[in-house]
1. Where only protein heavy atoms count, and the probe is 1.4 Å, what is the accessible area per residue for the chain in Å²?
2. Once the whole set of protein chains is in place, how much accessible area is left on residue 122, using a 1.4 Å probe, in Å² to the nearest 10?
3. Using 10 Å bins from zero, what percent of all Cα-Cα pairs in the chain falls into each bin?
4. With every protein chain kept in the model, how would you rank 52, 62 by accessible area, 1.4 Å probe, largest at the top?
5. How much accessible surface area, in Å² rounded to 10, belongs to the heavy atoms of residue 278 with a 1.4 Å probe?
6. How much net charge surrounds residue 122 when only other residues with a Cβ under 15 Å from its Cβ are counted (Lys, Arg +1; Asp, Glu -1)?
7. Pairs 106/210; 145/279; 192/279: which exceed 30 Å Cα-Cα?
8. Compare 65, 78 by solvent-accessible area with a 1.4 Å probe and give them largest first, with all protein chains kept in place.
Amino acid sequence: MTEVTKRILVTGGTGLVGRAIEKVVADGEGQPDEEWIFVSSRDADLTSSSETKALFERHKPTHVIHLAAMVGGLFKNIRSNLDFWRTNIHINDNVLHSAHELGVQKVVSCLSTCIFPDKTTYPIDETMIHNGPPHSSNFGYSYAKRMIDVQNRGYSEQHGRCFTAVIPTNVFGPHDNFNIEDGHVLPGLIHKVYLAKQSGSALTVWGTGKPRRQFIYSLDLARLFIWVLREYDEVEPIILSVGEEDEVSIREAAEAIAEAMEFRGELVFDTTKSDGQFKKTASNAKLRRYLPEFQFTPFRKGEMGESPGYTRGPTPCHQPLWHLGGPSFLDEE
């Protein structure tokens, strides 16, 4: 029997990305010397330093994937920037400091492309994180996430710790948050299409539909997270994203979801609602230098729950996203 030498603690383990990592590991990507531990807010309040330290002492991880965060869509961020700042600063500091105190060998934290400056040139890359203020709509969350990079550098310089971070673009997949008010754009659109079909009404999309985004399927991101944990040893963050050519507008995303869900009604754009940041086109050139052959799931296949880049396991996802994670996606709210 192979001895377990890596105990990998995943914070935020029941969220969108955590569940994806759990599935990929269970379907064959795990290694015999690894023990994976997925925890959620039910296991510890990570805004509490004492509870966080107790969690680490209980599980004694050698490695950590840090996903836990207060998250939400555009309108939740606009309403609660201070809450996003304070909650995430506490979580991140507690997790990183507990990892340091208990001698964790490696921590991989999850950032977001919203941390990049609002006024910038495109495509954005890993060297540009601190070049200017983020977009005003989510400055609390953005600055809190930026500070992970600052802390990682500090722990590396002062203590020689291997703490790093990844920067995914917009993630979507099974077990997303389908709440229209507080969730992200794709699950929100899926929920809206469902309701529009039920009521026979038009599909109302908030904003102009012109902003552009790069969407990465959660199972693809999970595979990349595992690679980073095992192989990527830089302190500097790495962007995990599809290519610039795969960027789509919100209008295109809404039309694709409507087509996939066989919605035949009218699309209406409510221009009284904020668009948020118009674009945040990210370069995946650094990732491609490491993994030139990695295959991403095309957006339209991902939204149907198909992942040609993910071939492990006897039962790949064949159901569309709005049927994954339970009898009804409405249960995910």
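The values are calculated or read from the model by the stated rules, or taken from the named source; none is laboratory data. None of the values given here were measured: they were computed from a predicted structure. Virtual Cβ from ideal backbone geometry, glycine too; neighbours counted across all protein chains shown. Surface accessibility is based on the protein's heavy atoms, side chains included, excluding ligands, DNA and RNA. Shrake-Rupley method; radii C 1.70, N 1.55, O 1.52, S 1.80 Å.
1. Here the per-residue accessible area is 44 Å².
2. 80 Å²
3. All Cα pairs considered, the percentages come to 5, 26, 36, 24, 7, 1, 0.
4. Result of the area sort, largest leading: 62, 52.
5. 110 Å²
6. My count for the surroundings of residue 122 gives -2.
7. 106/210
8. 78, 65
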